[in-house]
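The structure that follows is given in the form of structure tokens.
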Amino acid sequence: MERPNAWKRYTSEQLEELEKFSSDYTAFLSKNKTERECVASAIQLAEAAGYRNLEDVIATQTALEPGSRVYASNRGKSLILVELGTKPLTEGINILGAHVDSPRLDVKQNPIEEKNDLAYLDTHYYGGVKKYQWVTLPLAIHGVVAKKDGTVVSVCVGEDPSDPVFVITDLLIHLAQEQLKKDAATVIDGEMLDLLVGHKPLVVEGDEDKKDPVKAQLLKLLSQKYAIDEEDFYSAELEIVPAGPARDLGFDRSMILGYGHDDRSCSYPSLRAQLALDEIPARTALTILVDKEEIGSVGATGMTSRFFENTVAEVLALAGYGEGSLALRRCLTNSHMLSSDVSAGFDPAFASAFEPKNAAYLGRGLTFNKFTGSRGKGGSNDADAEYVALIRRVMDEHDVCWQTAELGKVDLGGGGTIAYILAKYGMQVIDCGVPVLSMHAPWETISKADLYEAYRGYQAFLTLA
Ligand code: MN
Ligand code: MN
């Protein structure tokens, strides 16, 4: 069985819509490189589409009814959007879920170091990265510094063409005889990921032997620009990401090279499908954009927190279902979910890692994974055959181009997603997503066709009655 190539099926109108959607996505990806930035931008789009903050709705005890649109932000790092449908909530809702955090390097709490007239920020990588991929590229710093007085300073350096950028250095080839004997896992180790951030010493008259003058100069600049001091790094969340915008890739502009396709190539189209509902859906539509997937969905803003359950409980109460838990349990058990995360795109350069009949191919559309996991489906959510059949039906009815895949060869490795966490409520959940080349690399590649088919597939899913 081979699946069709989406590009061969498009009408000129669809190609135009595909290009428009891709350019919106590329702009979103270029602007939003952290979970906080993604959530802030998503809230702007939601408010423009008539979504109200759930906190305000609770404060005013405004009743929710079919067509009501509300959003709930969890510390600005994860977000839920809900549009109430015409059917009773206890019959279940349609859920789109994806994550907005991406692999990166985080700045340590005590990060500044001066060595031989060079100043560095020390880092601890976040998520699974091949460390050798992060050297000798222009890097940017995005994030926040929370000060003791309660103010929070936003930082974004390295994105404007007039901004400086940062870098992690590598050893010159001429002296790399010993280094090149190391294996790829250890050639750059975690403690070598030090970000070069300054070189000019602070000159203080009468104190020519001042200790760490480059660090002193750096701290002076930070104080002038952001009004922060060294101790403020204790309460900062600063993320180091590849600098610069996402770009069209290929002579034919058929692909997009960008940072953070994992998992914004799924979370952005999920968000847009939710916002694009033009008539009130039968079943309530809910989209969740979640943080911390790359490190196991832990913490208050990860999928394992109670934020999702609590938010649905608030919606039920405001919609007149009372404050007990039975309606909530019925609602969640009867729900359907597309848990979206990127798939490994088949890469001819590394063909031996894939099983070609069950691989995701660029251009063949939204990819469904009945199960994920590793070494015998370990850690997987395994969707029911009956649910897979329902999904096949709705995708085919809406002429969505889709394919099925496993991550790679059975014994080579694997990975988990947020799917199993939602499945705990007894709801129907299946993994799906956009195929990516060079997943978790600083610059990842996707096909515009798969992005567009994800958007179309999510819209089709939200019509499930
Ligand atoms: Mn990932
Ligand atoms: Mn992912």
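The values are calculated or read from the model by the stated rules, or taken from the named source; none is laboratory data. Note that the structure is predicted; figures quoted are calculated from it, not measured. All Cβ positions, even for glycine, are placed from backbone atoms using ideal geometry, and neighbour counts span all protein chains on display.
Restricting attention to the stretch 65-124, which residues are in contact with a His (Cβ under 9 Å, 6 or more places away or on another chain) and under 23 Å from GLY457 (Cβ atoms)?
If the condition is that a residue be in contact with a His (Cβ under 9 Å, 6 or more places away or on another chain) and under 23 Å from GLY457 (Cβ atoms), then SER78, GLY92, ILE93, ASN94, ILE95, SER102 are the ones that fit.
So, THR287, is that one among the polar types (S, T, N, Q), closer than 30 Å to ASP262 by Cα, in a strand (DSSP E or B) and away from ligand 1 (no atom under 16 Å from the Cβ) or not? Break it down into steps so the answer makes sense when it comes.
Numbers: among the polar types (S, T, N, Q): yes; closer than 30 Å to ASP262 by Cα: yes; in a strand (DSSP E or B): yes; away from ligand 1 (no atom under 16 Å from the Cβ): yes.
Here the answer is yes, as THR287 does meet what is asked.
Of the residues that make up the stretch 174-190, is at least one in contact (Cβ under 8 Å) with a residue 60 or more places away in the chain and either in contact with a helix residue (DSSP H, G or I) (Cβ under 9 Å, 6 or more places away or on another chain) or within 21 Å of TYR120 (Cβ to Cβ) (or both)?
Residues of the stretch 174-190 that are in contact (Cβ under 8 Å) with a residue 60 or more places away in the chain, as a first pass: 190.
Now narrow it down to the ones that are either in contact with a helix residue (DSSP H, G or I) (Cβ under 9 Å, 6 or more places away or on another chain) or within 21 Å of TYR120 (Cβ to Cβ) (or both): 190.
Yes.
Does the stretch 305-313 contain at least one residue that is away from ligand 1 (no atom under 16 Å from the Cβ), basic (Lys, Arg), assigned to a loop (DSSP other than H, G, I, E, B) and touching a helix residue (DSSP H, G or I) at 6+ places or on another chain (Cβ under 8 Å)? Lay out the reasoning, then the answer.
Restricting attention to the stretch 305-313, the residues satisfying the condition of being away from ligand 1 (no atom under 16 Å from the Cβ) are 305-313.
Narrowing the set further to residues that are basic (Lys, Arg) leaves 306.
The next check asks that each one be assigned to a loop (DSSP other than H, G, I, E, B); those that pass are 306.
Filter again for touching a helix residue (DSSP H, G or I) at 6+ places or on another chain (Cβ under 8 Å), leaving none.
Taking every residue of the stretch 305-313 in turn, none turns out to be away from ligand 1 (no atom under 16 Å from the Cβ), basic (Lys, Arg), assigned to a loop (DSSP other than H, G, I, E, B) and touching a helix residue (DSSP H, G or I) at 6+ places or on another chain (Cβ under 8 Å).
Need pairs with beta-carbon distance below 6 Å; first residue among the small types (Gly, Ala, Ser) and within the stretch 213-225, second outside any helix (DSSP H, G or I); sequence gap 6+ or separate chains.
ALA216/LEU202
Does any residue in the stretch 241-267 that is part of a loop (DSSP other than H, G, I, E, B) come within less than 6 Å, Cβ to Cβ, of a residue that is within 16 Å of ligand 2 (Cβ to nearest atom) and polar (S, T, N, Q) six or more places away or on a different chain, and which pairs are these?
The qualifying pairs are GLY260/SER102.
Of the numbered conditions (1) part of a helix (DSSP H, G or I); (2) free of Cβ contacts under 8 Å to residues at least 60 places away in the same chain; (3) surrounded by 22 or more Cβ atoms within 10 Å (Cβ to Cβ), TYR420 satisfies every one except a single condition; which is it?
Checking TYR420 against (1) part of a helix (DSSP H, G or I); (2) free of Cβ contacts under 8 Å to residues at least 60 places away in the same chain; (3) surrounded by 22 or more Cβ atoms within 10 Å (Cβ to Cβ), the one that fails is (3).
In this structure, does LYS215 turn out to be of a type in the set (D, E, K, R) and crowded, with 23+ Cβ neighbours inside 10 Å?
Criteria not met by LYS215.
Suppose we filter the stretch 8-36 for residues that are among the hydrophobic types (A, V, I, L, M, F, W, C) and surrounded by fewer than 19 Cβ atoms within 10 Å (Cβ to Cβ); how many remain?
Keep residues of the stretch 8-36 that are among the hydrophobic types (A, V, I, L, M, F, W, C), which gives 15, 18, 21, 27-29.
Those still in the list that are surrounded by fewer than 19 Cβ atoms within 10 Å (Cβ to Cβ) too: 15, 27.
The number of residues fulfilling the criteria is 2.
Within the stretch 164-185, can one find any residue that is over 26 Å from CYS38 (Cα atoms), at pLDDT 95 or above and basic (Lys, Arg)?
yes
Considering the stretch 262-299 alone, what residues qualify as being away from ligand 2 (no atom under 16 Å from the Cβ) and charged (D, E, K, R)?
ARG272, ASP278, GLU279, ARG283
Would you say ALA59 is under 19 Å from the mean Cα position of the chain (by Cα) and away from ligand 1 (no atom under 16 Å from the Cβ)? Let's see the steps before the verdict.
Values: under 19 Å from the mean Cα position of the chain (by Cα): no; away from ligand 1 (no atom under 16 Å from the Cβ): yes.
No.
What number of residues in the stretch 330-346 are within 16 Å of ligand 1 (Cβ to nearest atom) and of a type in the set (Ser, Thr, Tyr)? Steps first, answer last, please.
Filtering the stretch 330-346 down to residues within 16 Å of ligand 1 (Cβ to nearest atom) leaves 339-345.
So of that shortlist, the ones also of a type in the set (Ser, Thr, Tyr) come out as 339-340, 343.
Within the stretch 330-346, residues that are within 16 Å of ligand 1 (Cβ to nearest atom) and of a type in the set (Ser, Thr, Tyr) number 3.
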